[in-house]
1. Before rounding to the nearest 500, sum -39500 (n - 2.57) across all DSSP H runs of length at least 4 in the chain and divide by the residue total; then give [θ] at 222 nm in deg cm²/dmol.
2. Pairs of Cα atoms under 8 Å, at least six residues apart: use those to get the relative contact order of segment 106-160, whole percent.
3. List the lysines whose alpha-carbon lies under 19 Å from that of Lys48, not counting same-chain residues fewer than 8 positions away?
4. Excluding His95 itself, what net charge comes from residues whose Cβ is under 14 Å from its Cβ, given Lys and Arg +1 and Asp and Glu -1?
5. Tally Lys and Arg at +1 and Asp and Glu at -1 over the other residues with C-beta under 15 Å from the C-beta of Pro114: what net charge comes out?
6. Just to check I understand the Karplus step: with θ = phi - 60° and J = 6.51 cos²θ - 1.76 cosθ + 1.60, what whole-Hz values come out for segment 115-121, glycine and proline as x?
7. Give me a comma-separated list of calculated 3J(HN,Hα) values for segment 150-167, in order, Karplus coefficients 6.51, -1.76, 1.60 applied at θ = phi - 60°, integers in Hz, x for any Gly or Pro.
8. Using the C-alpha gyration tensor of the chain, what are the square roots of 5 times its eigenvalues, in whole angstrom, with the largest one first?
Amino acid sequence: MNTAQRVGFDLVGVVEAAALDEERNQFERWLLNGNNSTLEYLERNVEKRFDIRLLVEGARTVIVCAVSYLSPFSRGYDEGCNTKIASYALARDYHTTIKEMLHAMAEELKRYNPQLRYRAFTDSAPVAEKSLAVRAGLGWIGRQSLVVNPRLGTMFHLGELVIDDVVDEYDSPMKGGGCGSCRECVNHCPNSAILDNYTIDTRRCISCRTIEREGCNETITLDGWIFGCDACQSCCPFNRHAPLHTNKRFDSLFDPTAMDASTWRRMTNEEFMTLAGDTAMIRSGLERIKSNICDTRE
């Protein structure tokens with residue numbers, strides 16, 4: 001834990017590299033129901049996704065890390081705001097930041113084992129991150145399909161360091177916990193995208209619609225969101241009571257509440273790159289964001 005903390009992570013758990021058969025069966029049922037919609041990449045490499053040993057040759061152990069990004073913007077926007085941005089996207093792109101943190105952690109570990117081989121992942125390869133996080137004791141799967149930690153809530157990023165060595169002791173899933181009878185996330189989703197089996201119908205998910213490849217015929221409201229959506233998270237009691245992030249790498253790079261629809265519509269690509277070029281928002285690009293504004297309330 002000390003090594004993970006030194007490089008900036010808030011949580012860490014260690015599990016043996018093994019097949020996740022139960023989780024794979026649940027995922028395949030979800031795919032069969034068409035709930036991945038335009039996310040066709042999820043249909044590929046399912047075997048590797050649920051058995052890290054097929055993805056990383058020689059994998060023996062997975063170190064699962066988490067870092068909070070919860071900011072004041074994570075608490076929600078004023079009613080009527082029509083240029084809402086998911087709070088994680090206001091900071092430097094987490095893919096880059098977490099990869100840097102994982103590599104730094106690996107270099108520390110190599111001081112004790114110079115021959116250590118590893119690979120680092122964060123939401124950019126077929127890795128069942130949430131399943132590994134649950135097995136590593138970082139939390140449980142909440143109704144909105146995200147990992148819930150009783151202290152940090154759900155607003156944290158996951159990263160995995162897969163190594164070719166064993167450790168003295170592995171972690172176990174968290175005992176207790178769960179969402180109980182709470183249905184705040186279900187009630188606050190504008191399009192009823194949260195299913196009863198703790199999964200998401202991406203055909204009705206605002207985050208998917210505003211970021212991922214278009215093509216779904218389902219008619220939904222964007223409810224003022226122009227990139228991503230925090231609706232099912234900002235209402236969660238665990239997030240309402242969770243502390244703000246402390247890792248400065250995840251500070252917001254700009255204030256989204258200082259910008260209205262006309263500001264975004266007048267923005268040039270050069271201005272966009274200056275404002276958000278280091279964030280995950282470049283995944284959509286300015287024109288896609290502008291088109292999302294056209295679909296929101298004026």
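A short reminder: the numbers here are calculations on the coordinates, not readings from a lab. Predicted model only: the values in this text are computed from it and were never measured. Cβ sites come from the backbone with ideal geometry, for glycine too, and all protein chains shown count toward neighbours.
1. -7500 deg cm²/dmol
2. Result for segment 106-160 is 31 percent.
3. Within reach: Lys130.
4. Values: positive: Arg92, Lys99, Arg249, Arg283; negative: Asp93, Glu100, Asp123, Glu129, Glu160, Asp278.
Here the charged neighbours net out to -2.
5. Net of charged neighbours comes to -1.
6. Result, ordered by residue: 8, 4, 10, 8, 9, 10, 9 Hz.
7. With coefficients 6.51, -1.76 and 1.60, one gets x, 9, 9, x, 10, 8, 8, 8, 10, x, 10, 10, 9, 10, 9, 10, 9, 10 Hz.
8. After scaling each eigenvalue by five and taking roots: 32, 22, 19 Å.
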